[in-house]
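Each reported figure results from applying straightforward, stated rules to the coordinates on display, with no laboratory input. Predicted model only: the values in this text are computed from it and were never measured. Here the Cβ is made from the backbone with ideal geometry for all residues, glycine too, and neighbour counts use every protein chain on show.
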Ligand code: DC
């Protein structure tokens with residue numbers, strides 16, 4: 001199914017589409033494609049948590065010491081480029097889009113993300129970037145905390161094996177079992193943390209992508225946005 005859509009929908013300039021969900025559920029591919037089709041900007045908030053984590057690792061901050069992470073939370077300058085065809089992330093002016101996908105960052109990002117000082121800094125930055133809207137934003141707490149007034153809220157998930165297979169393919173054929181273990185470990189911390197846990201926001205539509213193609217999920221989200229704006 002291909003939903004015909006034009007990039008100049010009334011309301012497109014201000015709409016906020018919040019897509020939350022588990023690691024590897026297809027959020028990034030979905031959000032980028034939806035933003036591209038609708039002429040919207042795109043923000044990957046996970047990349048911001050990864051970038052601040054990468055910076056902490058390079059500064060030898062002990063990522064399991066919440067006080068040390070909190071003390072360092074304000075130092076690095078993060079910038080996110082919001083073109084869905086070429087999203088970028090820099091730390092102090094250096095492009096870190098490749099480095100933030102490393103195993104070291106995968107292992108450290110959830111503990112860093114549990115620290116309230118990190119979250120409050122990044123939530124403020126995310127709200128500034130969202131500004132007057134016209135954007136698709138992906139993360140864990142977008143519909144619940146960052147932008148509860150988003151016109152469209154999606155909670156995207158898929159079964160753990162499907163998610164691990166996708167992530168392992170993205171990583172150039174990494175081991176599926178090890179990838180699944182790392183995804184589940186992150187899910188557990190992300191869902192169990194005290195501040196802004198991964199949860200389905202009020203008013204969100206739950207989409208299980210296990211048996212759907214990317215195009216089917218994109219069509220569904222594009223359809224929802226066109227209905228609401
Ligand atoms: O979407 P991702 O897998 O790249 O996110 C990496 C980590 O960042 C994830 O394990 C939890 C954290 N995160 C978060 O706490 N809140 C967000 N809005 C986005 C990501």
Place a point 7 Å from the Cα of residue 165 along the Cα-to-Cβ direction; which residues of the stretch 173-198 have their backbone N under 14 Å from it? 176-177, 180
Only helices counted: for the chain, with every DSSP H run of 4 or more residues adding -39500 (n - 2.57) and the sum spread over all residues, [θ] at 222 nm is -14000 deg cm²/dmol
Tell me, what is the percent relative contact order of the chain, built from C-alpha pairs under 8 Å that lie six or more residues apart? 33 percent
Rg/Rh for the chain, where both radii come from Cα atoms and Rh is the Kirkwood radius: 0.95
In what sequence, highest mean first, do 199-209, 84-94 appear when ranked by Cβ atoms within 10 angstrom? 199-209, 84-94
Kindly rank 188-195, 153-160 from highest to lowest mean number of other beta carbons found within 10 Å of each residue. 153-160, 188-195
Using Cα centres only, tell me the gap between the stretch 199-215 and the stretch 87-135 in whole Å. 23 Å
Order of 167-174, 118-125, 65-72, 40-47 by packing, highest average Cβ count within 10 Å first? 40-47, 118-125, 65-72, 167-174
